[in-house]
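A.B. asks: The structure is given below, and queries will be raised subsequently.
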């Protein structure tokens, strides 16, 4: 299957908003979630934008999401807060957490806000980037919503991809934004490959027999591989303790597979750290140094087989520029699912907008 | 060459203390640095303990280290501080930073303390573990003191191994302590292999021609490989921006190769974050959950070829228990270097203590 045309971020956002509202989400919340999901698509996070809408709607229909949540600070000190997401859509919880961290960091210089009773919130970079507008650095870690990774040397899938994103502002260059899973491939990429009927390269997954697994339709028969072997496992574990256990959120055996179970409260954990650059020194001076680092990396001679050195977030930035001009391409298999969604929720199809 | 006997941590600590004091370091500082270096050896960080003494002494003799530093807070807010290490030995700077972070976190819940004008401080886990005694989680990131890593796809060595350590306290199980470089192998391991005349496995380093490099004596002709390819590069870069650029410390082309240049001020950057568990909830309840996670991981069936699942820090913990009982084994090549040190600084050799 192939592309089914390009759509603007506004078209995608309005489609998501209407679908969520039709499923019962209050209008303001639906618009906020839709805007963030469309932003994920603009940024090239194809596995975390409108692609997720059918799954989110299924959770709402199954009663697995609280549509009238009381998202609130449960515990706090000047440099931290623990937020209870009251089982709201993760985008709402993590926006609240990011705003809280930014507000606190204005006074304390650094603030760490964790959440429990949250849900899947889309790509990690969405939240790590929120402090940038306030001349702050953002750091975000999440517990993945399904365990696809065993501990190193083990067979039982007790860990998720537990991603980290770090966003650092530049002056004249694009901001530097890392967004990575602790596994070689994020599970969203496996899901996307499965939907498109594509094979995976060796190294993404391993079967329980220890052999490479390349058919995404058989993903249930194997597990993801961590980066750097034991090191990626170590990162996934520590991020899980920080984003999950510390917040009183699910980790290990308690993680609910949100691709298989649409009813049980996931008690997802995430945290965000905001670092106010002005607390450390001159903001423009810092950004100028970031530009200098970027230029040093870009100026490196390349290895055979490489055209250029890329900075973290550079490909996403290029995609955003292209998609803002030319729209967001949607795969035919995704369009088919979205048309079914439109019909089910009695809203206009994307190609009728 | 082989082992040259075992020595107690006290013997090693006193040897280091006497050598540093003989080189001109004030007695109190020499004892503090020596204690931390011996602790690194106890913990199995063989590339970061007494192994480093000859290099440290050479820097002191070359005038590259400030022996009477004024380590001080240069900027601060309730949740952060920027410490000027005044070109002191890194162990002194980072102990000060850890103490500052712990003290601040008692009030703010979370505190982040960065340093510039610091120096090599030994293994990352030393500092990440300091908050544990206060029922806090520790997180430590450092700029490595020599660039051995190009940006992904590049040839110019602009990055170091930039390690991260995260320490989380358990209740009845050993504390969970991750300490990892962003490269497949830390450069200390390359140096240790070179001193011992051993070959390296494929995957640690690559030559400038793109082929594997396995002879540590030729390490200068190639570079380290990052974990997970572009991901490890991304982590090394972001950690560099956070531990270096944000603190006004050296990063990129400004990093001084402390293995080749013993005179120039390194302006090393590091940071530590202390997270007070009590701010998030009940401390014992948290630790009990950590034990539960540990038991889940240990309880996983194993892949063919693996006897058991290990937790981050578990091997170090076993080494510590063994070495506290049986002493720390020193390699004959290291003993030879230490005997030369003893003679040069007119102190008793290790085997005379």
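The values are calculated or read from the model by the stated rules, or taken from the named source; none is laboratory data. These numbers come from a predicted model, not from an experiment. Here Cβ is always computed from backbone atoms with ideal geometry, including for glycine, and neighbour counts include all displayed protein chains.
Residue by residue, here is whether (1) in the same structural domain as residue A:130 (by TED's automatic domain parsing); (2) touching a strand residue (DSSP E or B) at 6+ places or on another chain (Cβ under 9 Å); (3) surrounded by 19 or more Cβ atoms within 10 Å (Cβ to Cβ) holds:
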| residue | (1), (2), (3) |
| --- | --- |
| A:268 | yes, yes, yes |
| A:285 | yes, no, no |
| A:288 | yes, no, no |
| A:304 | no, no, no |
| A:312 | no, yes, yes |
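A.B. asks: While we're on this one: Checking the structure you have, find out if any residue of the range B:169-185 is assigned to a helix (DSSP H, G or I) and over 22 Å from residue B:246 (Cβ atoms).
C.D. replies: Among the residues of the range B:169-185, not one is assigned to a helix (DSSP H, G or I) and over 22 Å from residue B:246 (Cβ atoms), which makes the answer no.
A.B. asks: What number of residues within the range B:136-148 satisfy the criterion of being within 11 Å of another protein chain (Cβ to nearest Cβ) and closer than 14 Å to residue B:185 by Cα?
C.D. replies: Summing the residues that are within 11 Å of another protein chain (Cβ to nearest Cβ) and closer than 14 Å to residue B:185 by Cα in the range B:136-148 gives 1.
A.B. asks: Separate question: Using the structure shown, decide if residue B:193 is away from chain A (no Cβ under 13 Å) and either assigned to a strand (DSSP E or B) or surrounded by fewer than 22 Cβ atoms within 10 Å (Cβ to Cβ) (or both).
C.D. replies: Considered against the rule, which asks whether it is away from chain A (no Cβ under 13 Å) and either assigned to a strand (DSSP E or B) or surrounded by fewer than 22 Cβ atoms within 10 Å (Cβ to Cβ) (or both), residue B:193 comes out as yes.
Condition check ((1) in contact with a helix residue (DSSP H, G or I) (Cβ under 7 Å, 6 or more places away or on another chain); (2) outside the structural domain of residue A:136 (by TED's automatic domain parsing); (3) within 19 Å of residue A:160 (Cβ to Cβ)) across all residues:
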| site | (1), (2), (3) |
| --- | --- |
| A:212 | no, yes, no |
| A:219 | yes, yes, yes |
| A:244 | no, no, yes |
| A:275 | yes, no, no |
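A.B. asks: Just a yes or no: is a residue in the range A:338-348 modelled with pLDDT of 95 or more, under 26 Å from the mean Cα position of the chain (by Cα) and not assigned by TED's automatic domain parsing to the domain that holds residue A:6?
C.D. replies: No: zero hits.
A.B. asks: Give the residue, chosen from B:85, B:49, B:90, that is surrounded by 22 or more Cβ atoms within 10 Å (Cβ to Cβ) and outside the structural domain of residue B:140 (by TED's automatic domain parsing).
C.D. replies: B:49
A.B. asks: Just to check your reading of the model, which residue among A:321, A:294, A:309, A:290 is farther than 30 Å from residue B:291 by Cβ and away from chain B (no Cβ under 11 Å)?
C.D. replies: A:321
A.B. asks: So for the range B:122-131 (the condition being part of a strand (DSSP E or B), over 14 Å from residue B:183 (Cβ atoms) and in contact with a strand residue (DSSP E or B) (Cβ under 8 Å, 6 or more places away or on another chain)), does at least one residue qualify?
C.D. replies: Within the range B:122-131, not a single residue is part of a strand (DSSP E or B), over 14 Å from residue B:183 (Cβ atoms) and in contact with a strand residue (DSSP E or B) (Cβ under 8 Å, 6 or more places away or on another chain).
A.B. asks: I would also like to ask the following. Taking the range B:102-124 on its own, how many of its residues are buried (at least 23 other Cβ atoms within 10 Å of the Cβ) and at the interface with chain A (Cβ under 10 Å from one of its Cβ atoms)?
C.D. replies: Final tally of qualifying residues: 10.
A.B. asks: Report every pair of residues separated by at least 6 positions or lying on different chains whose Cβ atoms are under 6 Å apart, first residue within the range B:306-324 and without any contact (Cβ under 8 Å) to a residue 60 or more places away in the chain, second surrounded by 13 or more Cβ atoms within 10 Å (Cβ to Cβ) and in a helix (DSSP H, G or I).
C.D. replies: Once the first residue is without any contact (Cβ under 8 Å) to a residue 60 or more places away in the chain and sits in the range B:306-324, its partners that are surrounded by 13 or more Cβ atoms within 10 Å (Cβ to Cβ) and in a helix (DSSP H, G or I) give B:309/B:297; B:309/B:298.
A.B. asks: Given (1) assigned by TED's automatic domain parsing to the domain that holds residue A:161; (2) within 22 Å of the chain's Cα centre (by Cα), where does residue A:230 come up short, assuming only one miss?
C.D. replies: (2)
A.B. asks: Moving on. Looking only at residues that are at pLDDT below 95 and assigned to a loop (DSSP other than H, G, I, E, B) in the range B:217-254, which one is farthest from the other protein chains (Cβ to nearest Cβ)?
C.D. replies: That would be B:225.
A.B. asks: Inspect the range A:260-271 for any residue being over 28 Å from residue B:175 (Cβ atoms), out of contact with any helix residue (DSSP H, G or I) (no Cβ under 7 Å at 6 or more places or on another chain), at pLDDT below 95 and not in a loop (DSSP other than H, G, I, E, B) and give the result as yes or no.
C.D. replies: No - not one qualifying residue is present in the range A:260-271.
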